Amino acid sequence: MQPETLFTIATALVIIAVLCFLLSHARKKHRRDAEVHSAQLAGLLDQNTRSLQSVNADHSKVIVDHDMRHKAEISLLVKRREAAVRHVARGMKWELASRQALVRALASAHLDSVVATNVVFAANETSQDTFCAQIDHLVITENVVIIVDSKNWQGVIFDGVLPSKHAPTLGTLFDERGLGSSFAIQAKRAEEAATGIEVRYHRDKASPATQVRRQAVRFRNLLTESGASAETIRTYVFYSHPDALVVTNGLDGNGHFPTVITDREGISKELKKTHDLHPGEWSDSQREQLISVVQSLGADLIGTGKFADDFGSTVPLATYVDDRKRIVLPAD
């Protein structure tokens, strides 16, 4: 073999060896670079994961803190609302039960009405200074206005009926002298004695019927002064306690305003009867004006029938006074 051929072969082998070396080196460098890149990428991923976990933890903490603050704010608002409702309820503390009974009676009679409770206004009478008059309830239907004096009396009540007329033997138990034509006698178990009976006499100006008629006169004067009017005002004495046994003729006819005497059992029927007796005696505008006057006095208003959506009391209908004379709000 010629020297030139050998040199050529040797040169080719050297070139191949160098190429193999360079190729091997390039491959090793590529693997090292890939390993470094993978390590860097893994590090970045781990860093990103830890950062994301930290962000999520911070975000969760923010959410928890916000939720706790939100719950605390809601709790505070609920407490404030309950305090406000109790404050309003205290103004009509002793009328809460009779308000509930009235609203249910009106709903049972299918009457569209507005019930105003604790109507307080300034009144003055001849030779007397101005004073605050108070009406327990004002029932406003589409036909009539009814002033309701609620008596939360327990026991047996004789209103306008002599006990001896109800049962002759009762004449020996009650002093019927000087009762007059308008009176109420209440007989109930004595609070301080286990077996005693307490008797209270309410006659003349102190009789419930006389009192509610006096309220009607004052209220009519208020409407006149306010530029409002009501063609028909009727008066009720409502014995609202569930344990009251009322003996009555049902009507006290003394005075300018005949007064209905009723209890829980008869209130719905009487309201419907009074409403039906006075159809079309006043206009919608008169009724709206009267309601506006009552609203301006700060009375509690609650509607029945078609007025239910327009007049909703801040004090729930089921609110009541317990045996310890505390105001109890219904559970939501």
Task: Packing-based ranking, highest mean first, of 269-279, 54-64 given that Cβ atoms within 10 Å are counted - done: 269-279, 54-64
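Cut-off is 10 Å between beta-carbons; in what order do ARG264, ARG213, ARG31 appear when sorted fewest neighbours first? All intermediate terms of the calculation are to be shown ahead of the outcome.
On the way: ARG264 20, ARG213 24, ARG31 10.
Final ranking by Cβ density, sparse to dense: ARG31, ARG264, ARG213.
Please report LEU52, LEU290 as a ranked list, fewest other C-beta atoms within 10 angstrom at the top and most at the bottom. Please report the intermediate quantities before stating the final value.
On the way: LEU52 10, LEU290 22.
Listing LEU52, LEU290 from fewest to most nearby Cβ atoms yields LEU52, LEU290.
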Task: the stretch 115-235, Cα convex hull volume normalised per residue, Å³ - done: 155
- [ ] Please work out, to two decimal places, the log10 of the ratio I(q)/I(0) at q = 0.32 Å⁻¹ from a Debye calculation in which every Cα of the stretch 267-313 carries one identical scatterer.
- [x] -1.07
- [ ] Order by neighbour count: PHE131, PHE311, PHE238, fewest other Cβ atoms within 10 Å first, most last.
- [x] PHE131, PHE311, PHE238
TODO: Mind giving me the nanometre distance, one decimal, between the label points for GLN286 and ARG189, set 7 Å out from Cα along Cα→Cβ?
DONE: 4.8
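What translational diffusion coefficient, in µm²/s and rounded to a whole number, does the Stokes-Einstein relation yield for the stretch 194-296 at 10 °C and a viscosity of 1.306 mPa s, taking the hydrodynamic radius as the Kirkwood radius over Cα pairs? Mind dumping the intermediate values first?
Numbers: Rh = 15.7 Å.
For these conditions, the coefficient is 101 µm²/s.
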Task: Pairwise centroid distance, computed over Cα atoms, of the stretch 202-218 with the stretch 262-303, Å - done: 20
- [ ] State the answer as a single residue: which of GLN134, THR304, TYR201 lies farthest towards the positive end of the charge dipole of the stretch 95-328, with beta carbon charges of +1 for Lys and Arg and -1 for Asp and Glu, about the Cα centre.
- [x] TYR201
Task: Inverse mean reciprocal Cα-Cα distance (Kirkwood Rh) of the stretch 95-328, Å - done: 18.7
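Quick note: the coordinates plus some simple rules give every number you see, no bench work behind them. Everything quoted here is computed from the prediction, not taken from an experiment. Note that we place each Cβ from the backbone using ideal geometry, even for glycine, and neighbour counts take in every protein chain shown.
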